[in-house]
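Notes for the one structure printed next.
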Amino acid sequence: MKKLLIFLLLCFFIMPVCIFADDDEEAGEEVAEEYEDPFNDAPKKPVRLPGRVFEIGMNFDVAFSNTYLSVLDYFKETIVLDIDKLSSGFKTDVGANVRPFYFMIDSKKGWGFGISTDVNAFGIVDLNGAMLSFDESKGDESTASGAVFASLGIDTFFQIEKFKVKLRPALYYTAAFVKTDISYKFLNSDSGTSLGLAYDMYIYTAFPIDNIQPNELTGTPGFDISFGIEYPLSKEMGLSSSLLDFDVGVDFINVPVIISTLKNFRRIQGSFGNDVPINIIGEDGLGDFISSITEEDKTETNGIDNISVERPFKALLYANWRPAGKQSLVITPVFGFGLNRLYLEPFGIEAGINICLNTINVFITTIGINYTDRAWSNSIDFAFNLRAFEINIGARMRSQDFIKSWTGYGVGANVGLKLGW
């Protein structure tokens, strides 16, 4: 009943406006016949700054996050460590993405191409809570891993019927790959107490690790393809309302074709404690127990063994929704998954939403809340575009915990420059 009443009121107020508007249009047509505007044929200024046909640029992006200390804690005179917080585990990551050079050509006829070079480095540490709080465990696992990639890719886009196709074949090289497996065991039984910690680290490099000479690379490059398809779904469905103006798309990132390999490695193995139960309350039991967990058994070896290293893969489904039917406001929800064997669980969900506010293509602001690379990232990016050049700056707060991602447990920043016309 309320909806019907609102509808009638809207009709009551809007219909007279429409009637008078029609009358005004008829009157305007009569006036137009008697009077001709001398500026009618004058060229009109563009409402929106046109995009560049040719562009070169660079971009730098760094970030880190954790689940234990906020950025503000590092500026205190005394850092207080709360052991109870460690019972849920400790996670941290650090990453850097550098694009020192790229160029792009957009024909403005539905196709374009470019080339870019990239260096990507990232590392993660994921320690289980039982080990950090000395709780009983039958063998919980932790990891510490990292990788460095350098790549050269060709970016292209073109139209096939109503589909916009994006394609990026890339040649990449793995400079380094580190994988550490950590196992923790702590058991109490009638025979006594056993505590053991063991780690096994492999450090693979693209050159002999005991004789670092960049001109003697022993690894082999890899080749992968990233591609995406975008489709104007609302337009093709005949949805004329600007409120339902949206495109949908899907991206597949780093699909392996030929996998990069590394040969030279250094293996570091070590352990504390053992699996043999020790009666702590027995004679010399406490001393034996302390000795077992403080004495480290460690070995280091260098060797050659081929290992295949692919870049992290992602598959993302997204939509570009323009609620006002214009590019001035675009809302982009994203959902998908990633595969990255540096983590304990290679499979991970990727999701988020981004809002882009574009003022005549000069001032562009993008705000986003995303869960990507196993961490929440809350970002804001600004772009100032004068066509001949464009400056991009951005900042974000991030953490593996959603609440902590808003309270400074991780930060990131990016800066970019574009030149062209």
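Go through GLY416, SER194, MET104 and say which Cα lies farthest out towards the positive end of the charge dipole of the stretch 54-420; charges sit on Cβ, +1 for Lys and Arg, -1 for Asp and Glu.
Final value for the positive-end residue is MET104.
Between the stretch 137-178 and the stretch 198-252, what's the alpha-carbon centroid distance in Å?
Using only Cα atoms, the two centres lie 4 Å from each other.
Between LYS162 and THR117, what is 0.36 nm times their sequence separation minus the Cα-Cα distance? Round to one decimal in nm.
My answer for the length gained is 13.2 nm.
Relative contact order (percent) for the stretch 54-420, with alpha-carbon contacts under 8 angstrom and 6 or more residues of separation?
The value is 15 percent.
At PHE402 and ALA324, where each label point lies 7 Å from the Cα along Cα→Cβ, what is the point-to-point distance in nanometres?
3.0
So how do 134-142, 148-156, 258-266 stack up, highest first, on mean other-Cβ count within 10 Å?
Averaged packing, sorted descending, gives the order 258-266, 148-156, 134-142.
Using mean Cβ contacts within 10 Å as the protection proxy, how do 68-77, 344-353 order, highest first?
344-353, 68-77
Classify the stretch 54-420: rounded, prolate or oblate, from the alpha-carbon gyration tensor (a ≥ b ≥ c, eigenvalue square roots; a/c under 1.5 rounded; otherwise prolate if a/b is larger than b/c)?
Note, shape of the stretch 54-420 comes out prolate.
Would you work out the charge dipole size for the stretch 54-420 about its Cα centre, treating the Cβ of every Lys and Arg as +1 and the Cβ of every Asp and Glu as -1, and quote it to the nearest 20 debye?
2160
Given R₀ = 30 Å, what would the calculated FRET efficiency be for ALA413 paired with ILE355, taking r from the Cβ atoms and rounding to 0.05?
After rounding, the FRET efficiency stands at 0.90.
Looking only at the stretch 146-172, which residues have a backbone nitrogen under 17 Å from a spot 7 Å from the Cα of TYR231 in the C-beta direction?
158-166
Note down the relative contact order for the stretch 79-131 as a percent, whole number, built from C-alpha pairs under 8 angstrom at least six residues apart.
So the answer I get is 47 percent.
Computed FRET efficiency, Cβ-Cβ of LEU72 and THR180, R0 25 Å: what is it to the nearest 0.05?
0.25
Bear in mind that the values in this text are calculations on the coordinates, not laboratory data. A quick note: this is a predicted structure, and the numbers were derived from the prediction, not measured. We place every Cβ from the backbone using ideal geometry, glycine too, and count neighbours over all the protein chains shown.
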